[in-house]
1. Please find, within the stretch 224-244, the residue that is least open to solvent (accessible area, probe 1.4 Å) out of those that are among the aliphatic types (A, V, I, L, M) and farther than 11 Å from P270 by Cβ.
2. Filter the stretch 196-218 down to the residues that are part of a helix (DSSP H, G or I) and in contact with a strand residue (DSSP E or B) (Cβ under 7 Å, 6 or more places away or on another chain), then identify the one that is modelled with the lowest pLDDT.
3. Would you mention how many residues in the stretch 112-162 are assigned to a strand (DSSP E or B), touching a Lys or Arg at 6+ places or on another chain (Cβ under 8 Å) and hydroxyl-bearing (S, T, Y)?
4. Which residue, of D99, D94, D112, is at pLDDT 95 or above, out of contact with any Pro (no Cβ under 6 Å at 6 or more places or on another chain), open to solvent by 10 Å² or more (accessible area, probe 1.4 Å) and of a type outside the set (F, W, Y)?
5. Just checking, which of R168, R144 is among the charged types (D, E, K, R), open to solvent by 50 Å² or more (accessible area, probe 1.4 Å) and at pLDDT 95 or above?
6. Which of (1) open to solvent by 10 Å² or more (accessible area, probe 1.4 Å); (2) touching a residue at least 60 places away in the same chain (Cβ under 8 Å); (3) in contact with an Asp or Glu (Cβ under 7 Å, 6 or more places away or on another chain) does S213 not meet, given it meets every other one?
7. Name the residue that is farthest from the chain's Cα centre (by Cα), counting only residues in the stretch 290-328 that are open to solvent by 20 Å² or more (accessible area, probe 1.4 Å) and of a type in the set (A, V, I, L, M).
8. Open to solvent by 60 Å² or more (accessible area, probe 1.4 Å), of a type outside the set (K, R), over 27 Å from Y137 (Cβ atoms) and modelled with pLDDT under 95: which single residue out of P279, P274 fits that description?
Amino acid sequence: MSGTMVRDMLGRLLLSRGLARPMRVLGRGRVAFFMLHRFHDPDTGSEGHDPEALRRDLAYLRQAGYELLGVREAFRRLAGDGPPRGAAVVFTLDDGYEDQARVAAPVFAEFDCPATVFLTTGFLDGQSWQWWDRIEYVFRYTRRRQVQLALNGEQLDYCWSGAPERLRAQADFTAHCKRIGDAERQTAIARLAAAVDVDLPRAKAPAEYAPMSWEDVRRCEERGMEFGPHTVSHPILSRLSAAEAEWEITESWSRVRTEARAPVAVMAYPNGGPGDFGPREVAILKRQGFAGALAGVPEDATPDAFGCAPDSRFRVPRFGYYGDLRHLVQCVSGLYHWRRQAAAALT
C-alpha cells in the first residue's frame with residue numbers, strides 16, 4: 001500500500017462520525033486558536049477563505065461537541081477563572097477587512113461562534129491600506145512581464161509569463177519587504193509601482209481590499225463578534241523604535257476602546273513570528289493593562305503553558321486556518337501537539 005493510500009485511509013478514519021467525540025476527548029483541557037484573514041467575496045473580487053468550508057468546519061465542531069469561544073472567555077479559562085471544561089476552539093480574524101464583516105460574520109453567527117477580530121485601526125480610519133495588498137495590486141494590474149529593482153542592498157530580478165510566475169514574484173517581493181523597516185518598505189512599494197507603470201491608489205483602498213467601517217464593528221458586536229487591537233499601521237513591531245512601537249500599540253488600543261462597545265484587552269502581534277515582537281512589546285502591553293497577546297506560532301494552548309512563566313500569556317500561539325478539515329481536526333484534538341512531541345523525542 002502506497003504512502004498516499006495510507007494517508008487517505010487515515011484521513012477518512014480521522015473524519016469518521018464515530019470518532020468525532022472520542023477525538024474531542026483527546027483535546028480535553030486544550031484550546032486551539034485559529035488565525036484567519038481574507039474571505040472570498042465575488043461581489044468585490046476579494047480572494048480568501050471559502051465561507052462554505054468554514055460553515056462545514058463549524059458544523060463539524062458543533063456536532064463533535066467542541067466549545068466555541070471568543071478570545072476574552074478563552075483567556076479567562078486559561079487563567080483558571082472558571083470551571084474546567086473540555087476541548088475548546090477560538091477563531092480569530094486579523095486586520096479588519098470588509099469581507100470579514102459581510103461574508104464571515106453571518107457564518108459565525110449561524111453557529112453561535114463568537115469570533116474575535118483584531119483591527120488595524122489606521123486601515124479602518126482610512127489613513128492607508130495594507131502594504132501587502134498594495135504589492136498584490138501592483139503585480140495584479142501591471143501589463144509588464146518583468147521588473148528589476150534594488151532592495152536592501154540586493155538586486156531583485158523578476159520575470160513572469162503567467163499567473164504562477166507572477167504570484168511567485170509577488171510572494172518573494174513581499175517576503176523581502178517583511179525584512180525592512182516601514183519607511184523603506186513604503187518607498188520600495190512606490191518604486192515597484194513606478195517601475196511597472198501602475199498608478200497605485202494612495203489612501204483609500206480599492207473595493208477588493210477595503211476595510212470594514214466602525215459601524216460594521218458595532219453591528220458585528222451585536223452578532224457576537226469581539227474586537228481587539230492589531231496596531232495602527234501593521235508594522236513589524238521589533239523593527240520600530242521604542243517610541244514608535246509604544247505609539248502603534250497604545251493608539252490602536254485607544255481607537256478600539258473608543259469605537260467598540262466591548263473591546264477585548266488582548267493584542268494580536270502583526271505577523272506574529274518569534275522575531276516580530278519581544279520583551280519590549282510585552283512590557284508595553286503590561287503597562288497598558290492587557291490580559292495577554294496572541295502570536296503566530298502553530299501550537300495549541302493549555303492552562304499549564306499559559307501560566308508557566310510571567311510572560312507566557314503574552315505569547316499565546318495560534319494555528320493558521322486553511323479550510324482543510326483534516327488539519328483542523330488534528331489541531332483541535334491535540335493530535336498535532338502529540339505528533340510534534342513524538343517527533344521531538346525521536347530526534
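The values are calculated or read from the model by the stated rules, or taken from the named source; none is laboratory data. Everything quoted here is computed from the prediction, not taken from an experiment. Cβ: placed from backbone, ideal geometry, glycine included. Neighbour counts: every protein chain shown. SASA here: full protein model, heavy atoms, side chains in, ligands and nucleic acids out. Shrake-Rupley method; radii C 1.70, N 1.55, O 1.52, S 1.80 Å.
1. Our first condition is that a residue be among the aliphatic types (A, V, I, L, M); within the stretch 224-244, this holds for 225, 232, 236-237, 240, 242-243.
From what is left, the residues that are farther than 11 Å from P270 by Cβ are 225, 242-243.
Details: M225: 14, A242: 56, A243: 77 Å².
Checked the stretch 224-244; the qualifying residue least open to solvent (accessible area, probe 1.4 Å) is M225.
2. First pass over the stretch 196-218, keeping only residues part of a helix (DSSP H, G or I): 207-209, 214-218.
Narrowing the set further to residues that are in contact with a strand residue (DSSP E or B) (Cβ under 7 Å, 6 or more places away or on another chain) leaves 208, 217.
Values: E208: 90, V217: 98.
Ranking the candidates gives E208 first.
3. 1
4. Matching residue, one of D99, D94, D112: D112.
5. Criteria check complete, one pass: R168.
6. (3)
7. A309
8. P274
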